[in-house]
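Q: Sharing a structure here in structure tokens format.
The values are calculated or read from the model by the stated rules, or taken from the named source; none is laboratory data. These numbers come from a predicted model, not from an experiment. So basically every Cβ, Gly included, is an ideal-geometry build from the backbone, and we count neighbours across all protein chains shown.
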Amino acid sequence: MTQATETFADALMGFTLPSRNARGRIVRLEGVLDAVLSAHDYPAPITHLLSDALVLGALMGGLLKGKQAQLTMQAQTSEGIVRLLVCDYRDGAVRGYADFDADRLAKLGANPTLSALFGEGYLAITYETEERQRYQGIVPLEGDSLAQACESYFSQSEQIPTLIRVASRAGASGRMAAGLLVQHLADGEEGRERLHVRLDHPDWEHVAVMAGSISHDELLEPGLSLETLAWRLFHEEDEVRVLPGAQLSRGCRCSSEHYAAIIARFPPEEQQAMRNDEGIIAVDCAFCSRTFALAI
Ligand SMILES: [Zn+2]
């Protein structure tokens, strides 16, 4: 039983639909979102973009197994207004930041399109397993939203039919963002070779229609548990199997020790070149907007 005051925020829940060979993830972010955004003073379009990105990072990262596995999502352009958008996920911890041209952004208005923000860009999704194996897929940054670009990543790079919905809004008690990801698994088991995935598979078509009926209001309804959401969408199915969830947090791995260890790998003359007049090496963490002054 959950308490009446529960807001079901900052959580990730997985589920499977065994009879449809499908799996899903649902994410809702609230305090974590504020924690990430509070490190920056972003204008509204960037706040919106980064909110979506963090939800997507948690949805896709939530597919990983193992505490050391990491997902990194990077959207990049050379001529675009948003030069770089990065977020990553590891063991329930999310972080992210954006680098953009504030002057050009200010001329765009309140609700710029994805192509207005990025121009011609690409989206790179990198999975790193616990064994430090890396898999990267790159797709053009096309469509109406980052979520659509992520769907393209799954269909083009992974050949996995996938539906993603993301919603975010500014509320009275801060910002909230949430999302749903469902995907078809060809043989019903994770990790096996996907030989016969068809986008028009009848089971998948049914799951996609049901999942696609979710509204932004439902995703963002604080009193609605993630389990209830999955149940609402798929209550006609034989079984909705809910997987153990994860509490999400805002995490960064920056520390003086972390950067000192990295810098120690550089030859002494290169370390010398990094020092300022006081002999200090200053390193910035773009995720946290923090500078570490290393006297090493
Ligand atoms: Zn940091």
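Q: Could you check segment 31-120 for helices (runs of 4 or more DSSP H) lying wholly inside it with 2 or more residues that are within 16 Å of the ligand (Cβ to nearest atom)?
A: Details: elements: 31-37, 44-61, 102-106, 114-118.
By residue number, 31-37, 44-61.
Q: Which one of the conditions (1) of a type in the set (D, E, K, R); (2) surrounded by fewer than 17 Cβ atoms within 10 Å (Cβ to Cβ); (3) not in a helix (DSSP H, G or I) does Arg232 fail to meet, given that it meets all the rest?
A: Answer for Arg232: the failing condition is (3).
Q: Further question: Check Arg23 against each of (1) under 21 Å from Arg134 (Cα atoms); (2) outside any helix (DSSP H, G or I) and name the one condition it does not meet.
A: (1)
Q: Just name the residue that is farthest from the ligand (Cβ to nearest atom) out of those in segment 279-289 that are part of a strand (DSSP E or B) and surrounded by 13 or more Cβ atoms within 10 Å (Cβ to Cβ).
A: Initially, segment 279-289 is screened for residues part of a strand (DSSP E or B), giving 281-285.
From what's left, surrounded by 13 or more Cβ atoms within 10 Å (Cβ to Cβ): 281-283, 285.
Numbers: Ile281: 16, Ala282: 14, Val283: 10, Cys285: 3 Å.
Taking the candidates together, the pick is Ile281.
Q: Is there any pair linking a residue in segment 217-233 that is farther than 17 Å from Val182 by Cβ to one that is of a type in the set (Gly, Ala, Ser), with Cβ under 7 Å and at least six apart or on different chains, and which?
A: Listed by first residue and then by second, the contacts come to Leu220/Ala167; Leu220/Ala178; Pro222/Ala9.
Q: Of the conditions (1) of a type in the set (Ser, Thr, Tyr); (2) more than 24 Å from Gln68 (Cβ to Cβ); (3) in contact (Cβ under 8 Å) with a residue 40 or more places away in the chain, Ser152 satisfies every one except a single condition; which number is it?
A: (3)
Q: Do you know which residues across segment 127-159 are within 19 Å of Gly62 (Cβ to Cβ) and acidic (Asp, Glu)?
A: Glu128, Glu130, Glu151, Glu158 - these are the residues of segment 127-159 that are within 19 Å of Gly62 (Cβ to Cβ) and acidic (Asp, Glu).
Q: Give all pairs with beta carbons closer than 6 Å in which a residue from segment 275-293 that is farther than 23 Å from Asp99 by Cβ meets a residue that is away from the ligand (no atom under 16 Å from the Cβ) and part of a loop (DSSP other than H, G, I, E, B); count only pairs at least 6 apart in sequence or on separate chains.
A: Pairs found: Ile280/Ala295.
Q: Any idea which residue in segment 241-272 is surrounded by the most Cβ atoms within 10 Å (Cβ to Cβ), counting only those that are of a type in the set (Asp, Glu) and more than 16 Å from the ligand (Cβ to nearest atom)? Walk me through how you get there before you give the answer.
A: From segment 241-272, those of a type in the set (Asp, Glu) are 257, 269-270; that's our starting set.
Remaining after also requiring more than 16 Å from the ligand (Cβ to nearest atom): 269-270.
Details: Glu269: 7, Glu270: 10.
Looking at the filtered set, the residue picked out is Glu270.
Q: Scan segment 198-211 and give yes if some residue there is in a strand (DSSP E or B), within 21 Å of the chain's Cα centre (by Cα) and away from the ligand (no atom under 16 Å from the Cβ), otherwise no. I'd like the intermediate steps shown before the answer.
A: Taking segment 198-211 as the starting set, the residues that turn out to be in a strand (DSSP E or B) are none.
Within segment 198-211, none of the residues are in a strand (DSSP E or B), within 21 Å of the chain's Cα centre (by Cα) and away from the ligand (no atom under 16 Å from the Cβ).
Q: Yes or no: segment 20-27 includes at least one residue that is within 12 Å of Tyr89 (Cβ to Cβ), surrounded by 22 or more Cβ atoms within 10 Å (Cβ to Cβ), in contact with a Leu (Cβ under 7 Å, 6 or more places away or on another chain) and of a type outside the set (S, T, N, Q). Even if it seems obvious, please write down each step before you answer.
A: Residues of segment 20-27 within 12 Å of Tyr89 (Cβ to Cβ): 25, 27.
Narrowing the set further to residues that are surrounded by 22 or more Cβ atoms within 10 Å (Cβ to Cβ) leaves 25, 27.
Checking the rest, the ones that are also in contact with a Leu (Cβ under 7 Å, 6 or more places away or on another chain) come to 25, 27.
With of a type outside the set (S, T, N, Q) added as a condition, the list becomes 25, 27.
Within segment 20-27, one or more residues are within 12 Å of Tyr89 (Cβ to Cβ), surrounded by 22 or more Cβ atoms within 10 Å (Cβ to Cβ), in contact with a Leu (Cβ under 7 Å, 6 or more places away or on another chain) and of a type outside the set (S, T, N, Q).
Each row is one residue, and each column tells you yes or no for (1) buried (at least 22 other Cβ atoms within 10 Å of the Cβ); (2) in contact (Cβ under 8 Å) with a residue 12 or more places away in the chain; (3) touching a helix residue (DSSP H, G or I) at 6+ places or on another chain (Cβ under 7 Å).
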{"residue": "Asp34", "(1), (2), (3)": "no, yes, no"}
{"residue": "Asp41", "(1), (2), (3)": "no, no, no"}
{"residue": "Thr47", "(1), (2), (3)": "no, yes, yes"}
{"residue": "Leu64", "(1), (2), (3)": "no, yes, no"}
{"residue": "Met73", "(1), (2), (3)": "yes, yes, yes"}
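Q: Which residue is modelled with the lowest pLDDT, if the candidates are limited to segment 140-174 and must be over 14 Å from His216 (Cβ atoms) and assigned to a strand (DSSP E or B)?
A: By that ranking, first place goes to Gly174.
Q: I would also like to ask the following. When residues of segment 246-278 are filtered for being of a type in the set (Phe, Trp, Tyr) and either more than 29 Å from the chain's Cα centre (by Cα) or assigned to a loop (DSSP other than H, G, I, E, B) (or both), how many remain? Give the steps one after another, and end with the answer.
A: Initially, segment 246-278 is screened for residues of a type in the set (Phe, Trp, Tyr), giving 259, 266.
With the extra rule that they be either more than 29 Å from the chain's Cα centre (by Cα) or assigned to a loop (DSSP other than H, G, I, E, B) (or both), the set shrinks to 266.
Of the residues in segment 246-278, 1 are of a type in the set (Phe, Trp, Tyr) and either more than 29 Å from the chain's Cα centre (by Cα) or assigned to a loop (DSSP other than H, G, I, E, B) (or both).
Q: I'd like the residue in segment 194-212 that is within 19 Å of Pro18 (Cβ to Cβ) and touching a Pro at 6+ places or on another chain (Cβ under 7 Å) and, out of all such residues, is modelled with the highest pLDDT.
A: Among those that are within 19 Å of Pro18 (Cβ to Cβ) and touching a Pro at 6+ places or on another chain (Cβ under 7 Å), it is Trp204.
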